[in-house]
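To start, the structure under review is shown below, and the notes come after it.
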Amino acid sequence: MRTCIGNGKIFVNKDLTLPKGYVLIEDGIITYCGQEKPKCSSDKYIDALGNNICPALIDTHTHGIGGYDFNTCSLENFEEIEKLEYKEGVGSLFCSLVPETHERLIELLKMYDTCKSSLLGGIHLEGPFLNLSKKAVMKEEMLQSPHYDHFKEYINRTTKLKSMTYACELDTNHQLLQQGIEAGIIMNIGHSDATCQQVLEAEKHGAKGVTHLYNAMSQHEHRNPGVVTGAFVSDGLICELIADGFHVHPDVIKATYKVLGKDRIILVSDANPFKSAKEGDYIFSGKNIHVTKDKALVKETGRIAGSTLKMNVACQNMMKYCHCSISDVLNMTAFLPGNYYELNRGSLEKGKIGDIIIINDSFDILSMYKDETFYNYELI
């Protein structure tokens, strides 16, 4: 099937925006993107009505949506998960798995390896090799010191493991890091009490990024520099950021953007499974949590328990807090994560997967085109 989307401003990649043009998708792959209307005929034409034509967003750190927990849901739930994610402009995501027993993690990895949903771009293991002092809402009894045989089993049970969060200070000889690198896994530092120097040493040995900067890690203290300081002074660690204004104060988000810029920040939701669910009480990672539209907290302690952040709202917040352009936020939610994780998506270049959103200038999701299906939302 050949579909043409046109009559809109086209955000091709971080370096190229066309004031008006067309995108041609054939059997799910972009075959043309330019200012002139394609000469070949199409089976379907979608008129963007002067709005913005963009690559769909990529959320590389999320634990679920609508009550579906990636640690407990089944593959049959993905049809509903897709509907909810598409409404916020997400065309691809990583299932982020929190620590469980070794046997249970193996089961989950094997299950997701058989998942046929095109929404699933990969798996993110958030642990289990995390620092107990920075566990946040992780199950304390499920955390492990670096266990190379266990990690080897995780690697061998799936072809979809794209990223892993680990505490670099526990991996004193960098053996775990090297295992991940050799398997093609992006190793990100998080849930860590590392010093700045330990972070820089890990970067030197191949660590690539930092998971949800500021949250569950040692901070930027003037006499005790930690993970956050290491991220700032590193040569190029890519940093996840949860831009809901709650996990990180808007002023700190603004300062972070000034330091790191659009080429070193990937916006993520770090959503708990009850984003887009009704306000109420739920269980996540073994904790009793209360979820509202804006936040999720552990009932007993008041600790943050993931977010309820929609990805297009993260973009809107960055535009508000930091005066980012649409191209800037697309770099942090599509262009950069697509390249960072080598996903063959995240831009409108020829040969890329044709997941496309149409948005207005306020970054409201008007429609989504994915898998030869057009979803029209019209500001619902």
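Looking only at the stretch 236-249, how many residues end up being under 17 Å from the mean Cα position of the chain (by Cα), in a loop (DSSP other than H, G, I, E, B) and among the hydrophobic types (A, V, I, L, M, F, W, C)?
Residues meeting the conditions: 4.
Kindly indicate whether N344 is in contact with a strand residue (DSSP E or B) (Cβ under 7 Å, 6 or more places away or on another chain) and closer than 20 Å to V210 by Cα. Break it down into steps so the answer makes sense when it comes.
Values: in contact with a strand residue (DSSP E or B) (Cβ under 7 Å, 6 or more places away or on another chain): yes; closer than 20 Å to V210 by Cα: no.
For N344, the condition - in contact with a strand residue (DSSP E or B) (Cβ under 7 Å, 6 or more places away or on another chain) and closer than 20 Å to V210 by Cα - is not met.
Kindly evaluate L97 against the criterion of being under 23 Å from N339 (Cβ atoms) and open to solvent by less than 10 Å² (accessible area, probe 1.4 Å).
Details: under 23 Å from N339 (Cβ atoms): no; open to solvent by less than 10 Å² (accessible area, probe 1.4 Å): yes.
The answer is no for L97.
Kindly check whether there is at least one residue in the stretch 295-318 that is within 24 Å of G21 (Cα to Cα) and surrounded by 24 or more Cβ atoms within 10 Å (Cβ to Cβ).
The answer is yes, given that some residue of the stretch 295-318 is within 24 Å of G21 (Cα to Cα) and surrounded by 24 or more Cβ atoms within 10 Å (Cβ to Cβ).
I'd like to check something: does the stretch 307-320 contain any residue that is more than 17 Å from the chain's Cα centre (by Cα) and either at negative phi or aromatic (F, W, Y) (or both)? Let's see the steps before the verdict.
Quick first cut of the stretch 307-320, residues more than 17 Å from the chain's Cα centre (by Cα) only: 319-320.
Checking which are either at negative phi or aromatic (F, W, Y) (or both) leaves us with 319-320.
Checked against the condition, which is being more than 17 Å from the chain's Cα centre (by Cα) and either at negative phi or aromatic (F, W, Y) (or both), the stretch 307-320 yields at least one hit.
Please list, ordered by residue number, the strands (runs of 3 or more DSSP E) wholly in the stretch 284-380 having 1 or more residues that are among the charged types (D, E, K, R) and modelled with pLDDT under 95.
Working: elements: 287-291, 296-298, 356-359, 365-370, 373-376.
Result: 287-291.
Identify the single condition in (1) free of Cβ contacts under 8 Å to residues at least 60 places away in the same chain; (2) exposed (fewer than 15 other Cβ atoms within 10 Å of the Cβ); (3) out of contact with any Gly (no Cβ under 7 Å at 6 or more places or on another chain) that S133 does not satisfy, given that it satisfies every other one.
(1)
Out of all the residues in the stretch 227-268, which are among the small types (G, A, S), closer than 27 Å to L132 by Cβ and touching a helix residue (DSSP H, G or I) at 6+ places or on another chain (Cβ under 6 Å)?
G230, S234
Would you check which residues across the stretch 61-80 are touching a Cys at 6+ places or on another chain (Cβ under 6 Å) and hydroxyl-bearing (S, T, Y) and list them? Explain how you work it out, then say what you get.
Step one: filter the stretch 61-80 for residues touching a Cys at 6+ places or on another chain (Cβ under 6 Å), giving 70, 75.
None - no residue of the stretch 61-80 is touching a Cys at 6+ places or on another chain (Cβ under 6 Å) and hydroxyl-bearing (S, T, Y), so the list stays empty.
Out of (1) touching a strand residue (DSSP E or B) at 6+ places or on another chain (Cβ under 8 Å); (2) more than 28 Å from G206 (Cβ to Cβ); (3) acidic (D, E), what's the single condition that is false for E140?
Condition (1) is where E140 drops out.
Looking at (1) within 19 Å of H63 (Cβ to Cβ); (2) in contact with a Lys or Arg (Cβ under 8 Å, 6 or more places away or on another chain), which is the one condition that is false for L125?
Going through (1) within 19 Å of H63 (Cβ to Cβ); (2) in contact with a Lys or Arg (Cβ under 8 Å, 6 or more places away or on another chain) one by one, L125 breaks only (2).
With (1) among the hydrophobic types (A, V, I, L, M, F, W, C); (2) surrounded by fewer than 24 Cβ atoms within 10 Å (Cβ to Cβ); (3) closer than 21 Å to K262 by Cβ as the list, and L143 as the residue in question, which single condition is left unmet?
(3) is the only condition that L143 fails.
May I ask you to list the residues in the stretch 16-28 that are open to solvent by 60 Å² or more (accessible area, probe 1.4 Å) and not acidic (D, E)?
If we filter the stretch 16-28 for residues that are open to solvent by 60 Å² or more (accessible area, probe 1.4 Å), which is where we start, we get 16, 19-20, 27.
Scanning the stretch 16-28 gives L16, P19, K20.
Only one residue in F232, F246 is without any contact (Cβ under 8 Å) to a residue 60 or more places away in the chain and of a type in the set (F, W, Y). Which one? Show your work before the answer.
Details: F246 fails: without any contact (Cβ under 8 Å) to a residue 60 or more places away in the chain.
Of the residues listed, the single one that is without any contact (Cβ under 8 Å) to a residue 60 or more places away in the chain and of a type in the set (F, W, Y) is F232.
The values are calculated or read from the model by the stated rules, or taken from the named source; none is laboratory data. Here the structure is a predicted model, which is why all the values come from computation and not from measurement. Here the Cβ is made from the backbone with ideal geometry for all residues, glycine too, and neighbour counts use every protein chain on show. These accessible areas exclude ligands, DNA and RNA; they are computed on the full protein's heavy atoms, side chains included. Shrake-Rupley method; radii C 1.70, N 1.55, O 1.52, S 1.80 Å.
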